[in-house]
1. Restricting attention to the stretch 95-107, report how many residues are over 14 Å from the mean Cα position of the chain (by Cα) and under 15 Å from V80 (Cβ atoms).
2. Need at least 3 residues that are surrounded by 15 or more Cβ atoms within 10 Å (Cβ to Cβ) per element, so show me which strands (runs of 3 or more DSSP E) inside the stretch 1-78 make the cut, counting only ones lying wholly within it.
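What follows is calculated from the coordinates using simple rules that are stated; it is not laboratory data. Just so it is clear, the model here is predicted, and its values are computed rather than measured. Here Cβ is always computed from backbone atoms with ideal geometry, including for glycine, and neighbour counts include all displayed protein chains.
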Amino acid sequence: MPHAIRIHAHGGPEVLQWESVEVPAPGRGEVLLRQTAVGLNFIDVYERTGLYPGALPMGLGREGAGVVEALGAGVKGVAVGDRVAYVSTQPGAYAQERVLPADRLVPIPTA
């Protein structure tokens, strides 16, 4: 089972929890991404501390990179095994796996 860093209360770094998470199969227009890197930005800290409130519990992080593991129906322009990066409007990048809309992905060149 994949894991993610989530918070159940606002606060300092001590509120970060490494948890098992259920990751659904990708739906129409979505991909399952095995993440290999995630970004850390001020917005993540602001959400963790509650300066930017969000519904708890919640994941953190809005950008990352990884390898496409599965495709939902109707996905074009990306294939299983492709290396991609993204920025999302929804938090949840601090995770081993994540489902994202395929249209948010940018290919990472091999060289």
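1. The number of residues fulfilling the criteria is 1.
2. Working: elements: 3-7, 17-20, 30-38, 63-71.
Counting at least 3 such residues, we get 3-7, 30-38, 63-71.
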